[in-house]
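One structure is given here, and the rest of the page talks about it.
Computed from the coordinates by the stated procedures, all read-outs in this text should not be read as laboratory data. Model, not experiment: these values are computed from the prediction.
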Amino acid sequence: MKTTGSTLAAILGLVSSATAHYTFDKLLLNDQQVGGDNTYIRRHDNGYMPIKFKEAPQGSISPLDADFACNKGATGAPEVITVKAGDKIGLRQAFLADGIQHPGPSQMYISPVSDAKTDTGSGEWYKIHQSLICRQGSPESLRTDAWCSWNENNVWGVIPSTIPNGQYLLRGEHIGLHGAHDGQAEFYVSCAQIEVTGNDAAGTTIPGESTRFPGGYQPGDAAVNFSVWGRETAYPVPPGPDVIPGGTIRGSADGAGGDELRTVPVQGGFSSDGSSSTGNDANTPSHSSSPSSSPAPTPSAAPSDGASDDSHGGKGKGKCPGAFPRRAAALLAAKMDAQAE
Ligand SMILES: *[C@@H]1O[C@H](CO)[C@@H](O)[C@H](O)[C@H]1NC(C)=O
Ligand SMILES: [Cu+2]
């Protein structure tokens, strides 16, 4: 009895989906792991499964559900990590840590809390880091390695100098956009528990806009109602609110500046959403009080430009575990069928 192509494709699909998905359980401080699994990062009940608005895996949740802030059933971790302004902090993938291979942005949010071990994450969330596109490329690379996070095994950001001392929940997130054209963006989320010290000049409030989770993301948002399967080479609208003053943005909407890290200016009231340039001096807060004169992304780059998007109603494009393993599985299966005949 021969193996049918569809059976084999299903088997291969299961294998690659198990390795393609991920969760974050290890804390990196200035690129060194501190503690063990879930010492500082909250354990949750969603395994490696993504959170999705539509067709979430069985047992998973939606970004509209109460647990979206720190993932399904997250419980307090035993420890709170002490950090200071300028520290690079990362949430690393669990187990194989074999790299993020879903196209899409990653971001870090903080929520000020009085007790990071027990807070439920229902307060205000401020975005301190946005990672976008680091390699200017083609519509094809927008599906893969144009993204700064591609193949990296952690989501990371930098502790801003503009936030008050105290405890925070730190929410790391990567969004896989391969199914986003069909309402199936994949959200990978974990929360770490941090205490910021040494920011004595920062004042008593966090600058910039905040949001809440759930609520901060809606199915129709341009950031997640987006297709990587058309002719786009840019990602003009990042998810959630702007990065706060003093926060960082890695890459840009179209990757033009390469893999650069920019600090959102503290003065001048200019807010950056990652799609406009704030100057060339990466990592150095700008003290200019004039707003950036960089042009906004051209309207023609908007994801709602349906004419350039040939993927809606396409042939299963963007279904997890991604187009390449799926296509490879189908080809292999077809070949084996042919040989069995
Ligand atoms: C996503 O965008 C398309 C095209 O602009 C639109 O037709 C659709 O209603 C949007 N989806 C949601 C959930 O808003
Ligand atoms: Cu996936």
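Under the Karplus relation 6.51 cos²θ - 1.76 cosθ + 1.60, θ = phi - 60°, what is the ordered set of whole-Hz ³J(HN,Hα) values for the stretch 226-237, x standing for Gly and Pro?
9, 10, 8, 9, x, 9, 5, 10, 9, 10, x, 10
Any idea what diffusion coefficient the stretch 67-163 gets from Stokes-Einstein, in µm²/s, Kirkwood Rh on alpha carbon pairs, 37 °C, 0.692 mPa s? It would help to have the intermediate numbers written out before the result.
On the way: Rh = 15.3 Å.
Once the numbers are plugged in, D ends up at 215 µm²/s.
Tell me, what ³J(HN,Hα) does each residue in the stretch 47-61 have, in order and in whole Hz, if you take phi through Karplus 6.51 cos²θ - 1.76 cosθ + 1.60 with θ = phi - 60° and put x for Gly and Pro?
These are the phi-based 3J(HN,Hα) values: x, 9, 6, x, 8, 9, 5, 10, 6, 5, x, 4, x, 8, 10 Hz.
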